[in-house]
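The values are calculated or read from the model by the stated rules, or taken from the named source; none is laboratory data. It should be emphasised that the depicted structure is a prediction, and the values quoted were computed from it without experimental measurement. Counting neighbours? That spans all protein chains shown, and the Cβs are built from the backbone with ideal geometry, glycine included. Protein only, heavy atoms only, side chains kept; ligands, DNA and RNA dropped before computing areas. Shrake-Rupley method; radii C 1.70, N 1.55, O 1.52, S 1.80 Å.
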Amino acid sequence: MEVKIEAGWKEILKGEFNKGYFQQIAAFLKTEKAQGKAIYPPGPLIFNAFDKTPFDKVKAVILGQDPYHGPGQAHGLCFSVPDGIPPPPSLVNIYKELNKDIGLPIPNTGNLTKWAERGVLLLNAVLTVRAHEPASHSKIGWMEFTDTVIKKISSEKQGVVFLLWGKFAQDKQVLIDETRHHVLKAAHPSPFSADKGFFGCRHFSKTNTLLMNRGIDPIDWSVEQQ
């Protein structure tokens with residue numbers, strides 16, 4: 001199967017694209033579209049996280065669960081929305097922690113593309129969703145694919161910092177070799193849980209300390225207007 005994805009990832013993941021589960025994902029998405037269902041993000045952005053953060057550039061991984069299911073919100077990067085779309089509540093809380101942790105002003109955009117371009121893989125565990133139906137594509141095979149992505153980063157790279165926010169993300173800890181990588185855990189930034197351990201986690205400064213301790217350049221966490 002021909003999949004449009006960044007060349008380094010294409011090589012690393014080439015064994016996945018012809019597996020039965022991946023072909024089932026493709027067939028499912030074609031059927032949904034044939035039935036006139038709106039699917040987010042748009043097709044060219046399904047692999048946006050991989051295209052914006054090539055495999056050899058990955059320094060940190062932030063793991064989300066499901067794409068945003070409202071019109072115009074999802075663009076293939078977890079927690080991020082395109083310019084002109086108001087930042088959703090979890091992202092508002094991420095910005096509050098960023099401000100408290102390293103003093104960055106609250107950005108005027110919810111677009112995290114700059115993070116992705118600087119080595120932060122903004123990976124949702126599920127890469128598509130039906131409009132207005134959260135978790136509607138959570139059982140179609142995407143998790144097998146993204147679990148493989150996490151395992152490939154774990155086995156093929158060194159010194160990556162994994163930021164696992166909330167129980168769903170933390171359940172992926174078993175996929176990560178912690179003798180080679182760093183895991184930072186906190187509550188989810190959602191308004192329902194941010195005050196239970198996300199606020200005050202200081203994961204942005206901690207990530208940079210861990211990277212610098214390994215001789216890797218720190219991440220510029222600023223979020224400029226695109």
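Okay, here's what the table says:
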item: Residues of type aspartates and glutamates that K206 reaches as a straight line, Cα spacing below 17 Å, ignoring anything fewer than 8 places off in the same chain; result: E97, D101, E178, D217, D220
item: Over the chain: helical MRE at 222 nm, DSSP H runs n ≥ 4 each giving -39500 (n - 2.57), nearest 500; result: -9500 deg cm²/dmol
item: Additional length obtainable on full extension of the chain from A34 to E133, 0.36 nm per residue less Cα span; result: 33.9 nm
item: The chain - percent relative contact order, Cα under 8 Å, separation 6 or more; result: 23
item: For the chain, projected area of the alpha-carbon convex hull averaged over all directions, nm²; result: 11.7
item: Helix axis angle, 142-156 relative to the chain longest principal axis, alpha carbon, degrees; result: 50
item: Using a Förster distance of 41 Å, the FRET efficiency for V183-N108 (Cβ separation, nearest 0.05); result: 0.85
item: Debye log10 I(q)/I(0) for the stretch 4-109, one point scatterer per Cα, at q = 0.10 Å⁻¹; result: -0.38
item: Helix 89-102 axis, angle to the chain major axis (alpha carbon atoms, nearest 10°); result: 30
item: Zone residues, the stretch 90-120, relative to R202, backbone N less than 16 Å from point 7 Å out along Cα-to-Cβ; result: 97-104
item: Cross-link pairs K57/K167; K59/K139; K37/K139; K57/K185 - those with Cα-Cα distance over 19 Å; result: K57/K167; K59/K139; K57/K185
item: The stretch 134-226 - percent relative contact order, Cα under 8 Å, separation 6 or more; result: 22
item: Contour minus Cα-Cα distance for A7 and N213 (0.36 nm per residue); result: 71.2 nm
item: Peptide ranges 2-9, 212-219, 76-83 listed from the most packed, as the mean C-beta count within 10 angstrom indicates; result: 76-83, 2-9, 212-219
item: Bridge type composition, the chain - antiparallel percent by DSSP, nearest 5; result: 20
item: Å² per residue, accessible surface of the chain at 1.4 Å; result: 45
item: Prolate/oblate/rounded label for the stretch 81-121 (Cα gyration tensor, a/c 1.5); result: oblate
item: Mean Cβ count within 10 Å, highest first, over the residues of peptides 148-156, 26-34; result: 148-156, 26-34
item: Cα-based Rg of the stretch 92-196 normalised by 2.2 N^0.38 Å, two decimals; result: 1.17
item: Protein accessible area in the stretch 1-71, 1.4 Å probe - carbon and sulfur %; result: 57
item: Acute angle (nearest 10 degrees) that the helix 20-34 long axis makes with the longest principal axis of the chain, alpha-carbon atoms; result: 70
item: Cα gyration tensor shape for the stretch 1-46, rounded if a/c is under 1.5, else prolate or oblate; result: oblate
